[in-house]
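Working notes, beginning with the structure itself.
Quick note: the coordinates plus some simple rules give every number you see, no bench work behind them. This structure is a prediction, so every number in the text was calculated from the model and none was measured. All Cβ positions, even for glycine, are placed from backbone atoms using ideal geometry, and neighbour counts span all protein chains on display.
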Amino acid sequence: MLPGLMKVTRDSAYQANFKRAGGWLGADGAYSLPLNAERTLWVFSDTVAGQAGGPISMTHNSLALETPDGFEFSEKQAFTPPDGRGWFWVYDGAPAATEDRQQLFLGQFEEAPGAEGFGFRFVDSWLAEVKTGSKVSEVEVTGYRRLSELMPQVRGQQGAALHFGSALCQDESYKYIYGTQDFGFCKQLVVARVPVGDELMHSEQHWEVYGPEGWSRSGEVRSLSDGRGQPLDVANELSVFRREGAYFMVTQVGDQVRLLRASRPEGPFELAAEPYQVKEDHPGSFTYNAKGHEQEIDERGILVSYNRNVLPFAELVQHPEQYQPQFLRFPLPR
């Protein structure tokens, strides 16, 4: 029998950092990239800014810097496709060789027919290198690179959009880059890797993907298993972290936030506790893309965020606070 997650709690103190009356008002995405013991770079995707109760504007990504003094937010769009096509949403990242630089994954999207709030389609995966600083205004993009240049012989299954960068995890030998095969309403987990000493953006000879025959530099990817031999259902955004030799994952499927565990980075990933049901009461609100923040583990468990949104768009204009990430504490199995 799985251990329950009956003591999942709201982290009201952490949530207070995101209550805003002006400027940056809310966003989805919400990946956190620890820079050192005292600074964490937060990267967001679609972002609303303005004045609560007043006019708002939207950009496709934004940043915040967390220090012991609190959060410094910037609503300015940080990443723009160099080919001029569509926009970038931001995913996970890892430190570059130089101390003040990070490399992070970007998903390129463009407009496409669809229901309100879902009129987009995936175009490509990119990597960006950013130079960080002591202030969020000092963060600067120093380069972009298409992921297809690093994995030219890798392909997904027919009919699936293949994207990497949903989560990164590292052991003694490799950096593991998790992603998805996106079939529309169904997303399946895939994984690539590079040696620990290699930079993500400059490892043309060393990228490998996990496929039907194991690890290889070319060929079709293999969807990771749920422990019953079936492809694991996940969200486009998630997190994977290593703890006491095991690989843990936080992901959200529907309104369930799931904590899973595997003994190997390529799985299978099985439930480590009963799923937690997310509930929001505001009319038109919906939630998605929960993830863990492994630098924030204490006696209450790991900090977990999930994205909250509201439709129609007119309702978001009136209630931009509905677009602020929500924070929980998940106890970790012993």
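Per the helix-only calculation at 222 nm, which mean residue ellipticity applies to the chain, given -39500 (n - 2.57) for every DSSP H run of n ≥ 4 and division by its residues, nearest 500 deg cm²/dmol?
On the way: 2 runs with 10 residues, N = 334.
Using -39500 (n - 2.57) per qualifying helix, the result is -500 deg cm²/dmol.
What order, most packed first, do the peptides 281-288, 215-222 have when packing is the mean number of other Cβ atoms within 10 Å of each residue?
For the peptides 281-288, 215-222, the packing ranking is 215-222, 281-288.
Gap in Å between the Cα centre of region 204-267 and the Cα centre of region 117-164?
Centre-to-centre distance over Cα atoms comes out at 19 Å.
Taking the highest mean first, how do the peptides 238-250, 13-25 order by number of other beta carbon atoms within 10 angstrom per residue?
In descending order of packing, they fall as 238-250, 13-25.
I need the shape label for region 38-195. Rule: rounded when a/c is under 1.5, else prolate if a/b > b/c, else oblate, with a, b, c from the alpha carbon gyration tensor.
oblate
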